[in-house]
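The values are calculated or read from the model by the stated rules, or taken from the named source; none is laboratory data. Just so we're clear, the structure is a prediction, and the values are computed from it rather than from any experiment. Glycine gets a Cβ as well: all are built from the backbone with ideal geometry, and neighbour counts include every protein chain shown.
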Amino acid sequence: MTLDGKTWVYGVVGYPISHSLSPVFQNQAFRHFSINAVYVPFEVKPEDFERAFLGLKALGVKGVNITLPHKEKVLDFVDFLDEHVKAIGAANTVKFTEEASYAYNTDWIGFLRAAEKLVGDLKGIRVLVLGAGGSSRAILYGLQKKEARVFLWNRTRDKAYKLCQVFGCNVVEKPEEVISKVDFIVNTTSAGLRDDDPPLFDYNLLHPEQKVMDIIYKETPLLRTAREKGCSYLDGLDMLLYQGIESFKIWTGLEVPYKVVKEAILNYQTRTTI
Ligand code: ATR
C-alpha cells in the first residue's frame, strides 16, 4: 500500500499504547479491501486528551479506537453517543465526519462474539464475572442482553454492588461461594497479567465441564489451570479481534473476515518473537 495525498488516517488513542495489537490487524483489514488508509497508535496522556481529541478532528482523522484510560472521558467530547455507549458509560470507537463526531461501544459485541464461540447460547447460563472495572461494564451489559444469570465478584465490594444495580446481577463475597455451580467464568481483572499475581480463588476448584475466559490476551495462571483441568477456555485475543472487526464495520461499512485479522496477529507474533 502506497501512502499518498489521499490516504485516510485512523488510529487508536490510549496511554500507554505501545503494546496495542490493534494497528497490526486494522492495517491488515484496510489492505484486505485495498482501502487507501493507515491506522496508527496515538499515545495521549490523560491531561492531554482534550487537546488531542480536538486535534484529531482538526486534522481530518476519519476514526479512532479509544482505549485505557480514556474510554469514559471521551463521552464529554463527542457530538453523539449511541444507545449502547449511554448504557455502558464508555466508548471505544469514534467516527468523524465533516459535520460531527459519533461514539460507539463495540467491546460488548466483541465479548459476546468470543463468549458465544466458547459457550454457545448464553441464555440462562450461570456466569461468574471477576472484576468490576471498565471492561466488566461492557461484559455485564452484553450478558444482561443475552439473559445470562450473572454472579459478580470484585475485590472492592462497593463497585460490585453499584454495577449489579445497573446490570441486574448478584454480588458474591467470595468466588468460592458459587464456583462449583457456574457454567462459565470470566476474568476481567488485571490479576494474572504477571505470573506471580496472587490467584483470585483456588483455581484447582475448576471442573472440566466449565468454560473459562480471560480478557488478558495471554495464557494467565487461571487459563493454564483451566487447560490442565480439561476446561474449554479462551484468552482475550478473540474479544479484541471481534471488537476491532465491529469498529472497522462502523468506519467502512465492510466486514473483514475473522481469519484475515487473526492471521495478521499470528504472523506478527511469529515475526516479533524470532
Ligand atoms: P479495566 O478497564 O481493564 O477493567 P479498571 O477499570 O482499572 O480496568 O479495573 C480493573 C479491575 O481489576 C478492577 O475490578 C480491580 O479491582 P478493584 O475494583 O478492587 O480495584 C481489578 N483488579 C486489579 N488488580 C487486581 C488484583 N490484584 N486482585 C483482584 N482484583 C484486581
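Among the residues of the stretch 80-132, write down those that are in a strand (DSSP E or B) and among the small types (Gly, Ala, Ser).
Residues satisfying the conditions are SER101, ALA103.
Test LYS229 against the stated conditions and say whether it is surrounded by fewer than 21 Cβ atoms within 10 Å (Cβ to Cβ), closer than 30 Å to HIS207 by Cβ and under 19 Å from the mean Cα position of the chain (by Cα).
No.
Restricting to strands (runs of 3 or more DSSP E) lying wholly in the stretch 162-274: which have 1 or more residues that are closer than 20 Å to PHE25 by Cα and away from the ligand (no atom under 16 Å from the Cβ)?
232-234
Could you grab me the full set of residues in the stretch 142-161 that are of a type in the set (S, T, N, Q) and assigned to a helix (DSSP H, G or I)?
GLN144
Return the residues of the stretch 1-50 that are hydroxyl-bearing (Ser, Thr, Tyr), without any contact (Cβ under 8 Å) to a residue 40 or more places away in the chain and closer than 22 Å to LYS71 by Cα; say none if nothing qualifies.
Selection gives SER18, TYR39.
Results for (1) of a type in the set (Ser, Thr, Tyr); (2) in a helix (DSSP H, G or I); (3) modelled with pLDDT under 95, shown as yes or no for each residue.
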| site | (1), (2), (3) |
| --- | --- |
| MET1 | no, no, yes |
| TYR10 | yes, no, no |
| ILE17 | no, no, no |
| ASN27 | no, yes, no |
| ILE35 | no, no, no |
| PHE49 | no, yes, no |
| ALA52 | no, yes, no |
